[in-house]
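Step one of this worksheet: look at the structure below.
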């Protein structure tokens with residue numbers, strides 16, 4: 001890490017209200033002193049009151065996570081989607097700049113949008129979400145990311161397991177169990193990808209879950225493309241499926257009914273749902289471990305260091321092994 005990186009990391013860890021005010025006022029906003037920290041741990045995100053105007057959302061980027069090129073590629077994707085009348089909330093453009101700087105901070109400003117998480121039992125809404133996902137993918141397949149990564153077994157699975165093992169996060173009494181089950185999970189994931197065949201890879205939201213959809217009356221807003229990456233289309237679909245198989249199949253049918261109004265869905269990708277869920281479980285545990293020295297993580301996730309979490313983590317991986325061996329969810333056009 002360079003001296004500049006260390007200074008940036010220290011400033012980020014100690015980000016204070018006066019830093020936020022100074023950053024926004026550099027770009028013409030007069031803050032009224034109202035701050036609300038929003039639910040984000042990877043970055044620092046705040047709703048900030050503005051004098052004689054609507055509040056804005058300011059996102060301060062964690063140093064070292066994304067390069068400038070990767071952030072700008074995310075911003076361009078969001079702007080493309082908004083220009084296509086997809087209700088994605090894009091960053092605000094300041095005379096051709098969306099990635100802003102103030103001192104040691106990199107940040108972006110977004111219009112403030114409110115709403116609740118979608119009801120996954122509302123099949124009309126699920127169908128609408130399917131339409132939005134398909135339209136995102138039509139834009140997503142029109143070109144490729146050049147800087148942002150691909151969601152794959154190596155980065156989400158293998159490197160996650162290796163990081164946990166190499167940095168002594170697994171309790172000693174569970175070490176053999178974790179090594180064995182993670183190997184079986186990775187084998188199961190590879191089997192699922194083989195059964196799915198060659199999936200078309202495209203630009204996706206990649207972290208498309210109910211928390212990143214805001215519903216207000218008859219309006220829907222899609223937020224937070226921070227984790228956008230190249231992935232198969234089903235990555236933006238499976239996180240809207242909840243409950244057991246019998247509950248998920250009607251949800252899937254509603255999503256894909258809307259999806260296929262705009263774009264054909266490759267049914268072979270249904271083999272990937274539990275594989276992608278397994279990768280997310282592994283990646284999430286490693287993400288917490290990689291951020292564990294951040295005091296905000298220790299305060300928000302105190303259970304991560306406890307035996308119970310790792311017992312449940314190993315159990316969830318064992319359950320995924322069984323689920324990946326089952327037939328994929330049924331879907332009839």
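Throughout, read-outs are computed from the coordinates displayed, never taken from laboratory work. This is a predicted model, so every value here is computed, not measured. Every residue, glycine among them, receives a Cβ derived from its backbone with ideal geometry; neighbour counts consider all protein chains shown.
Computed across region 3-111, the Kirkwood radius stands at 14.5 Å (inverse of mean 1/r, all Cα pairs).
Short to long, the 5 Å bins of the Cα pair-distance histogram for region 48-179 hold 2, 8, 12, 14, 15, 14, 13, 10, 8, 3, 1, 0, 0 percent of all pairs.
Computed over the chain, the P(r) tail beyond 32 angstrom holds 34 percent of alpha carbon pairs. Based on DSSP H segments of at least four residues, each scored -39500 (n - 2.57), the chain has a per-residue ellipticity at 222 nm of -13500 deg cm²/dmol. Taking 1.002 mPa s as the viscosity and 20 °C as the temperature, the Stokes-Einstein diffusion coefficient of region 251-333 based on its alpha-carbon Kirkwood radius rounds to 139 µm²/s.
In this simple spin-label model, placing a label point 7 Å from the Cα along the Cα-to-Cβ direction at both residue 327 and residue 267 gives a separation of 1.2 nm. Between residue 101 and residue 194, full extension at 0.36 nm per residue minus the direct alpha carbon distance yields a gain of 29.0 nm.
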